[in-house]
1. Answer yes or no: is there a residue in segment 94-105 that is farther than 27 Å from residue 40 by Cβ, without any contact (Cβ under 8 Å) to a residue 60 or more places away in the chain and surrounded by fewer than 21 Cβ atoms within 10 Å (Cβ to Cβ).
2. Of the residues that sit in segment 123-135 and are closer than 18 Å to residue 174 by Cα and in a helix (DSSP H, G or I), which one is farthest from ligand 2 (Cβ to nearest atom)?
3. Answer with yes or no whether residue 63 is within 16 Å of ligand 2 (Cβ to nearest atom) and surrounded by 15 or more Cβ atoms within 10 Å (Cβ to Cβ).
4. Go through (1) within 16 Å of ligand 1 (Cβ to nearest atom); (2) closer than 25 Å to residue 127 by Cα one by one and return the number of the condition residue 77 breaks.
5. What's the total number of residues in segment 131-181 that are surrounded by fewer than 20 Cβ atoms within 10 Å (Cβ to Cβ), over 24 Å from residue 75 (Cα atoms) and within 16 Å of ligand 1 (Cβ to nearest atom)?
6. Could you please find all residues in segment 194-245 being farther than 22 Å from residue 44 by Cβ and not in a helix (DSSP H, G or I)?
7. Restricting attention to segment 28-51, report how many residues are within 21 Å of residue 76 (Cα to Cα), crowded, with 24+ Cβ neighbours inside 10 Å and either more than 16 Å from ligand 2 (Cβ to nearest atom) or not aliphatic (A, V, I, L, M) (or both).
8. Please list, ordered by first then second residue, the pairs with beta carbon atoms under 6 Å, 6 or more apart or interchain, first in segment 20-39 and part of a helix (DSSP H, G or I), second β-branched (Val, Ile, Thr) and surrounded by fewer than 18 Cβ atoms within 10 Å (Cβ to Cβ).
Amino acid sequence: MSAGAIGARAVGTLLAAHRGGAQLWPENSLFAFRNAIALGADFLEFDVHLSRDGQVVVIHDPTLGRTTTGTGAVSDRTLAELRTLRLKGRDGKTTEELVPTLDDVAQLAAPTPVRLLLEIKVDARGGRYPGIEEKALAILDSHGMAGRTIVMAFQEETVRRIRTLRPEVSVGGLDEKRDLAEMRSTVEREIDGLRKLGARFIGLHQELVTADVVRQAQQAGLLLGVWTVNDAPAMKRFIEMGVGILITDRPDAAKELLGR
Ligand code: G3P
Ligand code: CA
């Protein structure tokens, strides 16, 4: 595998701008993604949902209230309706930014070296969006981005679906403490399960990541992403542990610590 390719053997810790860099710019906005690319982030991390008319849109929550001028569920609005809204900044003030589509983000990324950490979300009732995996893959393909993307989800069924549809596309699971408690599982078991599924990535909440876990993920051939690490001492610790991808709302600070 060439240096920097997607895989467990990537050299050094890679840097992912979480939601484009949510402590710096309006989250999941094209403005944030453009700035993260200019900063030299290795990955853009972002979240996708389906609009009422089945378009893949980039937004974190299943509802509009927190980050846009709209209200209600993303899945209750057509793309045309979503495009009339504006994103809010961190201060809650309205910006000029629109809710991007996956097509917008893939188009922005395609001419650059940046890679995508694409998280498939569920709807406001916790249900999987029918067909979202096929739609996302088709959009990535139309921009030649499928080979530069890691698709990830908290739902194992979504990981399985990507594996079935396109075994060559990198896919991985996400876990946090609460899920593990609900599933009566452990990090070790999740790593093993993902390895058996043929996944190439595991994204863990920082509370779950120890030097031992880093070793286990490496042994299983999984690239380990740790989220969401925003304070410098923690960033330093995870870089020293040798995590594969540092996922942060502060890509500027991480870049400095990585000596770039
Ligand atoms: O990168 C994984 C992380 O983004 C999962 O949590 O809530 O920020 O989507 P969330
Ligand atoms: Ca996410």
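The values are calculated or read from the model by the stated rules, or taken from the named source; none is laboratory data. Just so it is clear, the structure is predicted and the values come from calculations on it, not from any experiment. Here the Cβ positions follow ideal geometry from the backbone for every residue, glycine too, while neighbour counts run over all protein chains shown.
1. Yes, that holds for at least one residue.
2. Among residues in segment 123-135 that are closer than 18 Å to residue 174 by Cα and in a helix (DSSP H, G or I), the one farthest from ligand 2 (Cβ to nearest atom) is 133.
3. yes
4. Of everything listed in (1) within 16 Å of ligand 1 (Cβ to nearest atom); (2) closer than 25 Å to residue 127 by Cα, residue 77 misses just condition (1).
5. So the count comes out to 5.
6. Answer for segment 194-245, where residues must be farther than 22 Å from residue 44 by Cβ and not in a helix (DSSP H, G or I): 198, 210, 220, 221, 242.
7. Adding up the residues that qualify gives 4.
8. What qualifies is 37/112.
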